[in-house]
1. Within segment 54-68, which residues are part of a helix (DSSP H, G or I) and either more than 21 Å from V31 (Cβ to Cβ) or aliphatic (A, V, I, L, M) (or both)?
2. Test each condition in (1) in a helix (DSSP H, G or I); (2) farther than 30 Å from I8 by Cα; (3) free of Cβ contacts under 8 Å to residues at least 24 places away in the same chain; (4) touching a helix residue (DSSP H, G or I) at 6+ places or on another chain (Cβ under 8 Å) for I118 and report the one that comes out false.
3. Give segment 30-60 a look and list any residue that's modelled with pLDDT of 85 or more, within 16 Å of the ligand (Cβ to nearest atom) and touching a helix residue (DSSP H, G or I) at 6+ places or on another chain (Cβ under 6 Å), or say none.
4. When E18 is evaluated against the numbered criteria (1) within 30 Å of N132 (Cα to Cα); (2) surrounded by 12 or more Cβ atoms within 10 Å (Cβ to Cβ), which criterion, by number, is the only one it fails?
5. Is at least one residue of segment 69-82 more than 14 Å from the ligand (Cβ to nearest atom) and in a loop (DSSP other than H, G, I, E, B)?
6. Search segment 11-35 for residues that are outside any loop (DSSP other than H, G, I, E, B) and pair each with any residue that is more than 8 Å from the ligand (Cβ to nearest atom) and among the charged types (D, E, K, R) when their beta-carbon atoms are under 7 Å apart and the residues are at least 6 apart or on different chains.
Amino acid sequence: MGMSQNLITCGICKSKEETIVHSFLDCEMAVEVWGKVKLWWGLNNKEMKNVEDVFPGMEAEAHNKEQKLAVISIGIVTLCDLWRNRNEATFKKAEDIFLQIQKDSFRWIDSRANRVEIDRSLWILSPIIAINPM
Ligand SMILES: [Zn+2]
């Protein structure tokens, strides 16, 4: 019986098959957003081939417990915001998603990092510098 291949096309780029890896890492939108996030944190071009690579890749540039918590938060928020964007009918620009990631991750980390006072504008500028417990 000739089953038609039921591939779901990515709703963002409308050109590739939608897979987990595609939606979160490979789609041009995800690539652009991750590029901004990595640059923001000061990550070198760490390759992320699978979703499991995201957290070890990001943690590589975290030098203490607080920075680790912060960079993990940013990773989670980035995945969430990419997913939220995918589920919304109207798609935003990568820059808008990135601004959302900056805001969401600040709220996230600010409510969790009890021992560290985090300056919001410094966080927007450079999270790795904002997370510097003395
Ligand atoms: Zn796509």
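1. Of segment 54-68, the ones part of a helix (DSSP H, G or I) are 54-59, 65-68.
Matches in segment 54-68: V54, M58, K65, E66, Q67, K68.
2. If we test I118 against (1) in a helix (DSSP H, G or I); (2) farther than 30 Å from I8 by Cα; (3) free of Cβ contacts under 8 Å to residues at least 24 places away in the same chain; (4) touching a helix residue (DSSP H, G or I) at 6+ places or on another chain (Cβ under 8 Å), just (1) comes out false.
3. A30, E32, V33, V51, listed by residue number.
4. Condition (1) is where E18 drops out.
5. To start, the set of residues in segment 69-82 that are more than 14 Å from the ligand (Cβ to nearest atom) comprises 69-81.
Now drop any that are not in a loop (DSSP other than H, G, I, E, B), which leaves none.
So far as segment 69-82 goes, no, none of its residues is more than 14 Å from the ligand (Cβ to nearest atom) and in a loop (DSSP other than H, G, I, E, B).
6. Sorted first by the residue in segment 11-35, then by its partner, the pairs are S23/R86.
The values are calculated or read from the model by the stated rules, or taken from the named source; none is laboratory data. It should be emphasised that the depicted structure is a prediction, and the values quoted were computed from it without experimental measurement. Glycine also receives a Cβ, built like all others from the backbone with ideal geometry; neighbour counts cover every protein chain displayed.
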